[in-house]
Amino acid sequence: MERHRLKTMLGLAMVLLGIVQAALFASQSEWVPTGFGLLYSTIGIVYLWVEVYAVE
């Protein structure tokens with residue numbers, strides 16, 4: 001259970017960090033870092049899907 005919680009926290013942190021980065025750079029019209037933030041958030045979503053919510 002502890003490992004499951006750690007994976008969930010890691011995935012959520014990746015998603016939130018990516019969204020914050022994308023929002024902050026989009027407000028400054030910096031599109032490349034915005035894209036990287038969205039990419040990082042997408043990787044976090046995929047990580048959550050594969051590692052946390054996949055049927056074991």
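The values are calculated or read from the model by the stated rules, or taken from the named source; none is laboratory data. For clarity, every value in this text was computed on a predicted model and none was experimentally measured. Here the Cβ is made from the backbone with ideal geometry for all residues, glycine too, and neighbour counts use every protein chain on show. What goes into the accessible areas is simple: the full protein's heavy atoms, side chains included, and nothing from ligands, DNA or RNA. Shrake-Rupley method; radii C 1.70, N 1.55, O 1.52, S 1.80 Å.
Restricting the stretch 1-19 to residues that are open to solvent by less than 80 Å² (accessible area, probe 1.4 Å) and of a type in the set (Val, Ile, Thr), the residue that is modelled with the highest pLDDT is Val15.
Going through (1) open to solvent by 80 Å² or more (accessible area, probe 1.4 Å); (2) β-branched (Val, Ile, Thr); (3) under 10 Å from the mean Cα position of the chain (by Cα) one by one, Thr42 falls short only on (1). The set of residues from the stretch 21-38 being under 10 Å from the mean Cα position of the chain (by Cα) and either open to solvent by less than 90 Å² (accessible area, probe 1.4 Å) or among the charged types (D, E, K, R) (or both) comprises just one member, Gly37. Sub-8 Å Cβ pairs linking a first residue in the stretch 3-14 that is more than 9 Å from Val52 (Cβ to Cβ) and without any contact (Cβ under 8 Å) to a residue 60 or more places away in the chain to a second residue that is open to solvent by 80 Å² or more (accessible area, probe 1.4 Å) and of a type in the set (Val, Ile, Thr), at least 6 apart or interchain, are Met14/Ile43, ordered by first then second residue.
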